[in-house]
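Taking it in order: structure first as structure tokens, then the write-up.
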Amino acid sequence: AVSAYASTFYRAGSKPFNPVLGETYECVRPDRGFRFISEQVCHHPPISACHAESDNFIFWQGGYMRWKNKFWGKSLEIVPMGTVNVRSGDHFEWNKVTTCIHNVLSGPRWIEHYGEVLIRNTHVLTQSLHCPCGHVQGAVLSRSGTVVERLAGKWHEGLYRGAPPGHCVWRASKERGQGGALPGGTLPWGGLTRGVPCLWDADCVPPPPDPMPHDHERNYGFTQFALELNELTPELRRLLPSTDTRLRPDQRYLEEGNVPAAETQKRQIEQLQRDRRRVMEENNITHQARFFRWARGDGGTGGTQGRGKPPGRGVGGP
């Protein structure tokens, strides 16, 4: 709920590719022990569905994940709608905070995350996190509402639990292999981080995030894992459906450094999507997702379920 935002600190100046309606992405990583599939199930408003699983967890975004955008002249607010779910023994669900991109039209762009995250363990505990101005403050509550533990830190640096100076439970790493005690700094509660052991040992949960490569600023702020996501091997090309994002010509041209061709292809893809939408509206046709369907989730909440061939076996492929 917090560490996922860390790498966005380096991505404020870059605009991501917008998935077109029906676009999919499948990632099967036996080396990392998980498989993932996602699909763009609606274009207006933009709604994505995804599902991931491994031997240790199941991850999905309930009610589909969509965004509401608010433009304030110099800044753009992105308000996520829907919940994130993880089942690993217990079932955890939480909402996402508001993301604001400042200096959209001019000046150096920077990102701010703010709002309140309510992480609910459907069996035992509830955790509440508040994110004011780059800081994270929160508490773990029992079912009766008693504070069991307190948390504090910064969304792009680290998270600590307990009384000051606190014990590190997560720390963003900029370079591979970085470890040891944390440098000096001030936590939102007033404690200092100097000397706090944050060592990616057995006591550090969750495991260390993917470190930032040394040239991350040149590569759009991507982590090493993100840099690998667009790789297209001959074996994958045979298995993936034609809707997979790695087969988008504009994205492929940009990765190869052919910017003019990427821009041309991007305009063509966007125009084709507008044409398809017009035809569907004129004929009163509703888009049907290929690999997801709406289902009733645990606790009476809406959710998504995958369908068709399972990930890792060429979803939608031959």
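The values are calculated or read from the model by the stated rules, or taken from the named source; none is laboratory data. Fair warning: this is a prediction, and the values are worked out from it, not measured in the lab. Note: ideal-geometry Cβ built from the backbone for every residue, glycine included; neighbour counts use all protein chains shown. With ligands, DNA and RNA removed, areas are computed over all heavy atoms of the protein, side chains included. Shrake-Rupley method; radii C 1.70, N 1.55, O 1.52, S 1.80 Å.
List the chymotrypsin sites (Phe, Trp or Tyr not before Pro) within the stretch 1-37 that fall in a DSSP loop (any state other than H, G, I, E or B) and whose Cβ has at most 16 other Cβ atoms within 10 Å.
Listed in order of number, the matching sites are Phe17.
Using Cα positions and a limit of under 18 Å, work out the aspartates and glutamates in reach of Lys266, with same-chain residues fewer than 8 apart set aside.
Counting by Cα, and skipping residues close in sequence, Lys266 has these aspartates and glutamates nearby: Glu23, Asp244, Asp250, Glu255, Glu256, Asp275.
To the nearest 10 square angstrom, how much accessible area does Met81 have with a 1.4 angstrom probe?
About 70 Å², rounded to the nearest 10.
Given axes a ≥ b ≥ c from the Cα gyration tensor, I'd like to know whether the stretch 72-123 is rounded (a/c under 1.5), prolate (a/b larger than b/c) or oblate.
Prolate, because a/c is 1.5 or more and a/b exceeds b/c.
With a 1.4 Å probe and every protein chain left in place, tell me how much accessible area Ile285 has, in Å² to the nearest 10.
Only protein atoms counted, so the area is about 90 Å².
Using a 1.4 Å probe and counting only protein heavy atoms, arrange Phe225, Phe92 so the residue with the most accessible area comes first.
Phe92, Phe225
Given a 1.4 Å probe and the protein chains all in place, what does the accessible area of Cys50 round to, in Å² to the nearest 10?
That residue has around 10 Å² of solvent-accessible surface.
Would the stretch 1-104 count as rounded, prolate or oblate if I go by the C-alpha gyration tensor, calling it rounded below 1.5 in a/c and otherwise prolate when a/b exceeds b/c, oblate otherwise?
Because a/c hits 1.5 or more and a/b exceeds b/c, the stretch 1-104 counts as prolate.
Among the aspartates and glutamates, which have Cα under 16 Å from the Cα of Lys96 when same-chain residues fewer than 8 positions away are ignored?
Glu77, Glu112, Glu116
Once you have the Cα-Cα distance between Thr233 and Gln288, take 0.36 nm times their residue separation minus that, and quote the gain in nm to one decimal.
On the way: separation 55, 0.36 × 55 = 19.80 nm, distance 2.94 nm.
Once the chain is fully extended between Thr233 and Gln288, it gains 16.9 nm.
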